[in-house]
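These notes concern the structure reproduced below.
The values are calculated or read from the model by the stated rules, or taken from the named source; none is laboratory data. Not measured: the values here are computed from a predicted model. Because the Cβ atoms are built from the backbone with ideal geometry, glycine has one as well, and the counts that use them run over all protein chains shown. These accessible areas exclude ligands, DNA and RNA; they are computed on the full protein's heavy atoms, side chains included. Shrake-Rupley method; radii C 1.70, N 1.55, O 1.52, S 1.80 Å.
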Amino acid sequence: MSNEVLSRFHLLTIALLVLCTTQTWGQSTIVLTDSTRPMMVGNRCALLEDPSRALTITQTVSPMYRAQFRYTSGESTPSLPVSASAQWARFVVANQCREACFFQLFAVGLDTVDVYISNGAGGFSHKQYGYGFSSERYAGLPSSVYQCVELTGIVTEPREIYVRMVSRYPIVMLAHVGTHSAMIDSNVFRSTVNGIFYGILAAMLGYNLFVFFSIRSRAYLYYLGYGIGAGMYLGYQTGALLELTGNQPALFIHEHLTTAALSWIILMVFFTISFLHTHKYSKKLHRTLQAFILFCLAAIALEYFGAIFPQALYISRFLINVDGIIIALLCLTAGGVVYWRGYRSARFYLIGWSFWLLSFSALILMVAGVLSATMLIVYFLQIGIASELVLMSFALADRINTLRREKEASLSENERLMREQNHALEYKVRERTAELEEANIELYDRNEELHRLDNEKNEFLGIVAHDLKNPLASIRMGAEMTIHYYEKLSDEEIQARLHSIESTVDRMNTIVENLLNVNAIETGLFTLDVTDVEMRGVLTEIVREYRGQAESKGIFFHLYLPHDDEVIVRTDKSAFYEVIENLVSNALKFSSSETAITISLSTDQVSCRVAVHDEGPGLSVSDQAKLFEKFSRLSARPTGGESSTGLGLSIVKKLVKALGGRVWCESELGKGATFVVELPIGVQK
């Protein structure tokens, strides 16, 4: 009885499983009715995780494991995280088109893919592909990363398909089923997108390579490395690298994906540092970017510890996405800071990185299952990076223009500075030239003065030799005669000879005093003793002193003085006395017998005048021109054979000037001469 109950229970269980399976197949069957459009598999398949990686197809199709499959809740592109497990997918296809049906799976990141196709008689045919495996080729369909497998011929019965996938990376199950013609159209579109992307990439790399050889900027070198890295990484992600270069380059990137991706990111950082001049605009961001490079190198190192510590490999794979988001945010921040601080070329950089961030974020969200793998999302990374490369090229070109403008501005500023320096130099040269000319003129004047002084010296020596030699000879002769004939001479004769010697000594003393006076006045050693001087008394005294000498030559004095009160002048009495004495002495020298010398005094409110007039031979125009010069020799000669040093009138001129007055001569040849001295009445210093 118990065995019968048990048998019935087993039959009921099998019936329920069959019913459930039949209902499930009915709900998940992919029915192909349109031969022009492939259908997504993800939203019609069930998934099973095999942690042991040991399940066979026989075990998988058994009721126990069949019941463990879970449907994808309508996700068109199921995304599975990094795992060491094998992943199984199951779906049913019913081909109602009049063409063969194909299954196509995007195999990037998949180490191995096993496809099991039911033959309708309880058996399965097996196809295996992936990195390191060769696969069948079908006309017009790729046999590389987008693996194609013929599922059914022209049959309408549903066929159950099992797909086993093993990967070290997250699995994005981007799979389609469709007819041969629909698959060809889909792959033509994909190839067109890849062609446009790599055409843009080649154009940008070629142009900037040419510019790099022209200006040798490291920013262009980093741009080229970044562009090549972007092309290889996206070539791996889209399968273009595998199709174009074969299995080995793609297999290398597949085995070292962290190294490839983070090396590309490191090139981004170097480009950012070089292009934005972060060391100049933001020291903190510069050091942060450098630290991020070290972080990327540490993540790369984790990949090579994966053979020893498997978890290190999974961590390094996870860090690819983390680093991509971090670098995008860092670079956007750096671009914003540098642009805000005045670097205008950073605007293209900011826009380019915005495209990069959007496209990379869309890729991550697709891998995480947040976004469905639509055609736009699938190709968004290519669109974003192509846009970024174009904008970065614009940024570099704008940088060249900025540098050119800065260079032109610098050259203009240099030209302005040079013009200013030239003007300043010309001004200094003119100023210095004027100073040199003034110095030359002064030197010339000094030389002329030295010549004049030298001539005066020579003339002075001649005068001294002439005017002192004769008196000395006379003194010597008189002394010798007196000594020799002393016994024979009377007292009167001896007395006369001694008086002659005394007179000669007085004449020599006058010459020496005149020379000393001229020297004292010219060197500024002559000082005035200013007092109240009564002019009438001084003139009367001078006339009294020279009256005897005048009478000896038969010359008469006429003195005309004001009859009113005394004439008081603030001056130096000795200097004034010497001035009038020199004029009277000169008048006596050049006046003939039976002539008169007239001295007159007149005053007004501010000055007084003393005029000394003689009736001598007068002065010519040429004599008047050199009248007050030192050692001047005039055409007129003393009437009594008196000696003349040529210093008297020069002393008069200098003394009158020192007293604050002026002196001049009024004369006509043959009509005598009048010397006028005018002094201010006020106080003289």
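Does ARG344 satisfy the criteria of being out of contact with any Cys (no Cβ under 7 Å at 6 or more places or on another chain) and either at pLDDT 80 or above or surrounded by fewer than 17 Cβ atoms within 10 Å (Cβ to Cβ) (or both)? The answer is yes for ARG344. For region 337-351, the set of residues classified as within 16 Å of LYS280 (Cβ to Cβ) and part of a helix (DSSP H, G or I) consists of VAL337, VAL338, TYR339, TRP340, ALA346, TYR349, listed by residue number. Within region 217-233, being more than 36 Å from the chain's Cα centre (by Cα) and under 16 Å from ALA203 (Cβ atoms) holds for ALA230, GLY231.
Within region 195-230, the only residue that satisfies the criterion of being within 30 Å of SER83 (Cα to Cα) and open to solvent by 10 Å² or more (accessible area, probe 1.4 Å) is GLY229. Tell me yes or no: at least one residue of region 163-175 is touching an Asp or Glu at 6+ places or on another chain (Cβ under 8 Å), more than 30 Å from GLY120 (Cβ to Cβ) and either among the β-branched types (Val, Ile, Thr) or surrounded by 21 or more Cβ atoms within 10 Å (Cβ to Cβ) (or both). Yes - at least one qualifying residue is present in region 163-175. Taken together, the residues in region 40-75 that are crowded, with 17+ Cβ neighbours inside 10 Å, closer than 30 Å to SER316 by Cβ and of a type in the set (S, T, N, Q) amount to 1. For region 611-629, a residue qualifies if it is aromatic (Phe, Trp, Tyr) and assigned to a helix (DSSP H, G or I), but none of them does. Here ILE265 meets the list (1) among the hydrophobic types (A, V, I, L, M, F, W, C); (2) touching a Leu at 6+ places or on another chain (Cβ under 6 Å); (3) modelled with pLDDT of 80 or more almost entirely, failing just condition (2). Scanning region 498-512 for residues that are open to solvent by 80 Å² or more (accessible area, probe 1.4 Å) and either at pLDDT 70 or above or not in a helix (DSSP H, G or I) (or both) gives LEU498, HIS499, GLU502, ASP506.
Looking across region 265-278, the residues that are among the aromatic types (Phe, Trp, Tyr) and open to solvent by less than 10 Å² (accessible area, probe 1.4 Å) come down to PHE271, PHE275.
Go through region 605-621 and count every residue that is open to solvent by less than 30 Å² (accessible area, probe 1.4 Å) and within 12 Å of PHE590 (Cβ to Cβ).
Number of matching residues: 5.
Just one of (1) under 29 Å from LEU659 (Cβ atoms); (2) open to solvent by less than 40 Å² (accessible area, probe 1.4 Å); (3) at pLDDT 85 or above trips up GLY554, so point out which. Unmet condition: (1).
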